[in-house]
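Engineer: Before I ask anything, here is the structure I am working with.
The values are calculated or read from the model by the stated rules, or taken from the named source; none is laboratory data. Not measured: the values here are computed from a predicted model. When we count neighbours, we look across all protein chains shown, and the Cβ atoms used for this are built from the backbone with ideal geometry, even at glycine.
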Amino acid sequence: MVYAIFQNALATTYTTTSSGSWNNSGTWDANGVPPNSLSSGSTINVNHVITSGNATIASSGTVTLNVNSSTTLTSVTFDGSGTVNIVVTNGVTFSVGIIYNNNNTTTNITGNITSTGDVNIYSGSFSVSGNLDAGGNLTIYNNSTVNLNSANITSDLVLNNGIINITGIVNVGGNADLNNTGSFVNISDSGALAVTGLLDTDNVDIVGSGVVSWGSITMANNANFPGLGDRVIPPYNPYDLDGGPGTLPITLISFNGKIVSGKIDLYWSTASEINFDYFSIQRSKDGVNYEEIGTVKGHGFSKIKRDYQFIDERPVFGTSYYRLQSIDYDGYTETFRPVSVVYEGDHTIQYYPNPIINNELHVIFDNPAKTTLTYHVYNFTGKLLFQDKIETNRFNIDFANYGRGIYYVKISDGRQIKVLKN
């Protein structure tokens with residue numbers, strides 16, 4: 001009996017040997033199914049697919065769970081008043097039906113976790129460095145602390161008593177019910193709390209320097225935002241906790257374009273984004289009539305510098321004008337000043353002589369894939385004069401039937417040149 005107790009106090013490593021249920025001994029090595037109470041220093045390695053089961057990970061010390069393969073559980077309970085460190089390998093799915101955090105346990109999750117049901121933080125601390133997807137409610141009780149980088153909560157966020165620290169974007173599909181004296185929500189400079197439904201605050205301070213938005217709002221008792229006083233509803237929605245309005249989706253720092261390897265590289269930066277959905281990238285030949293050539297997704301809510309890039313794979317010969325249009329989640333749009341880029345052809349094409357002599361133009365171009373292409377010849381007005389297939393990486397064009405002027409030769413992969421016949 002003394003020997004058995006001594007063995008139970010030793011740190012133990014539990015490793016899967018095959019796919020299956022968490023609760024099936026055949027899934028695990030000789031140490032068996034991880035017990036509900038783990039010795040400090042114990043490690044659980046999930047190296048095979050877990051398809052089902054209910055797990056309790058509890059210790060008065062520190063234990064580690066390494067999720068290296070897809071893991072699906074009906075429920076998981078973190079317990080024992082110790083620390084549970086969970087490391088989810090990048091790209092691996094860790095999905096749980098219902099999550100419980102009990103008895104002042106500190107749970108730290110590195111990576112992403114999905115709950116198809118509710119997340120219940122009854123006591124202790126619960127932190128997610130990646131993304132938390134909650135298919136039900138996220139409920140926080142008993143002075144618990146929840147640290148979120150980013151999260152998508154399908155139903156409601158309920159803060160009965162505790163602290164929420166937000167460093168990224170937290171989207172709430174239902175309502176946010178924040179109440180009880182001593183509770184507060186701290187949103188960092190790069191963070192945002194976006195509530196689709198009712199933001200109901202009662203004796204809760206919303207602090208920090210991030211952004212808050214809501215479908216509707218009520219404030220009771222000593223609830224307040226920074227600098228506004230008790231029960232004062234912010235004058236703007238979205239509201240910047242630094243005290244500023246949130247009417248424009250983005251603050252654009254710069255927008256530039258340059259030619260790189262025969263393509264147009266467009267790059268820009270934003271200083272802040274509020275309720276922002278995406279960019280529409282638009283191009284024009286005359287600076288008046290624009291067409292959309294692509295879109296780039298935004299960051300939603302952000303108060304740090306964000307860098308973006310878009311490559312026009314098929315630029316138009318001559319001067320082109322590019323502009324950005326920002327679109328927020330409510331459909332509000334803002335159009336920014338354009339930049340111009342002069343494209344004079346792809347330097348992966350050699351052509352001579354230019355101007356054309358003796359009515360013949362010689363063209364040599366890179367075609368590493370040895371694909372069959374087509375070239376098209378246009379006059380200055382853009383009228384197609386003739387076209388032909390290209391079987392190799394070189395071809396000649398006979399201009400005997402055409403008079404003096406400027407001509408454009410365009411290859412079907414998007415490359416083009418401008419030539420002159422005197």
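Engineer: Find all pairs meeting these conditions: Cβ atoms under 7 angstrom apart; at least six residues apart or on different chains; first residue within segment 288-300 and surrounded by 10 or more Cβ atoms within 10 Å (Cβ to Cβ); second residue acidic (Asp, Glu).
Structural biologist: That search, which allows pairs on different chains as well, returns Ile293/Asp312; Gly298/Glu273; Gly298/Asp277; His299/Glu273; Gly300/Glu273.
Engineer: Further question on the same structure: Just to check your reading of the model, which residue among Asn401, Asn367 is under 18 Å from Gly262 (Cα atoms), part of a loop (DSSP other than H, G, I, E, B) and not β-branched (Val, Ile, Thr)?
Structural biologist: Asn367
Engineer: When you check Tyr343 against the structure, is it surrounded by 12 or more Cβ atoms within 10 Å (Cβ to Cβ), in contact (Cβ under 8 Å) with a residue 24 or more places away in the chain and within 23 Å of the chain's Cα centre (by Cα), yes or no?
Structural biologist: When the stated conditions are applied, Tyr343 does not pass them.
Engineer: Which of the strands (runs of 3 or more DSSP E) contained wholly in segment 138-245 include at least 3 residues that are small (Gly, Ala, Ser)? Let's see the steps before the verdict.
Structural biologist: On the way: elements: 138-140, 144-153, 157-159, 162-166, 169-172, 176-179, 184-187, 192-195, 198-202, 205-208, 211-213, 216-220.
Here the list reads 144-153.
Engineer: Could you grab me the full set of residues in segment 152-192 that are within 14 Å of Gly210 (Cβ to Cβ) and among the small types (Gly, Ala, Ser)?
Structural biologist: Hits for segment 152-192 are Gly168, Ser188, Ser190, Gly191, Ala192.
Engineer: Filter segment 374-405 for residues that are hydrophobic (A, V, I, L, M, F, W, C) and surrounded by 12 or more Cβ atoms within 10 Å (Cβ to Cβ); which is nearest to Ile349 (Cα to Cα)? Don't jump to the end; show me each part of the working.
Structural biologist: Restricting attention to segment 374-405, the residues satisfying the condition of being hydrophobic (A, V, I, L, M, F, W, C) are 377, 380, 384-386, 390, 395, 397, 399-400.
Keeping just the survivors that are surrounded by 12 or more Cβ atoms within 10 Å (Cβ to Cβ) gives 377, 385-386, 390, 395, 397, 399.
Numbers: Val377: 15, Leu385: 21, Phe386: 20, Ile390: 14, Phe395: 11, Ile397: 14, Phe399: 19 Å.
Taking the candidates together, the pick is Phe395.
Engineer: Just one of the numbered conditions (1) under 30 Å from Phe380 (Cα atoms); (2) surrounded by 14 or more Cβ atoms within 10 Å (Cβ to Cβ); (3) at pLDDT 95 or above is not true of Ser320; which one?
Structural biologist: For Ser320, the exception is condition (3).
Engineer: In addition: Restrict the check to segment 329-352 and report whether at least one residue is small (Gly, Ala, Ser), at pLDDT 80 or above and either more than 27 Å from Lys410 (Cα to Cα) or not in a loop (DSSP other than H, G, I, E, B) (or both). Working first, answer last.
Structural biologist: Step one: of segment 329-352, the residues small (Gly, Ala, Ser) are 331, 340, 345.
Still in the list and also at pLDDT 80 or above: 331, 340.
So of that shortlist, the ones also either more than 27 Å from Lys410 (Cα to Cα) or not in a loop (DSSP other than H, G, I, E, B) (or both) come out as 331, 340.
The answer is yes, given that some residue of segment 329-352 is small (Gly, Ala, Ser), at pLDDT 80 or above and either more than 27 Å from Lys410 (Cα to Cα) or not in a loop (DSSP other than H, G, I, E, B) (or both).
Engineer: Exactly one of (1) surrounded by fewer than 16 Cβ atoms within 10 Å (Cβ to Cβ); (2) of a type in the set (A, V, I, L, M, F, W, C); (3) in a strand (DSSP E or B) is unmet by Ile259. Its number?
Structural biologist: (1)
Engineer: Pull up segment 49-75, narrow it to residues that are under 27 Å from the mean Cα position of the chain (by Cα) and outside any strand (DSSP E or B), then point me to the one that is nearest to Val88 (Cα to Cα).
Structural biologist: Asn68
Engineer: Would you say Tyr278 is in contact with a Gly (Cβ under 6 Å, 6 or more places away or on another chain), hydroxyl-bearing (Ser, Thr, Tyr), assigned by TED's automatic domain parsing to the domain that holds Leu324 and within 19 Å of His299 (Cα to Cα)?
Structural biologist: Yes: the conditions hold for Tyr278.
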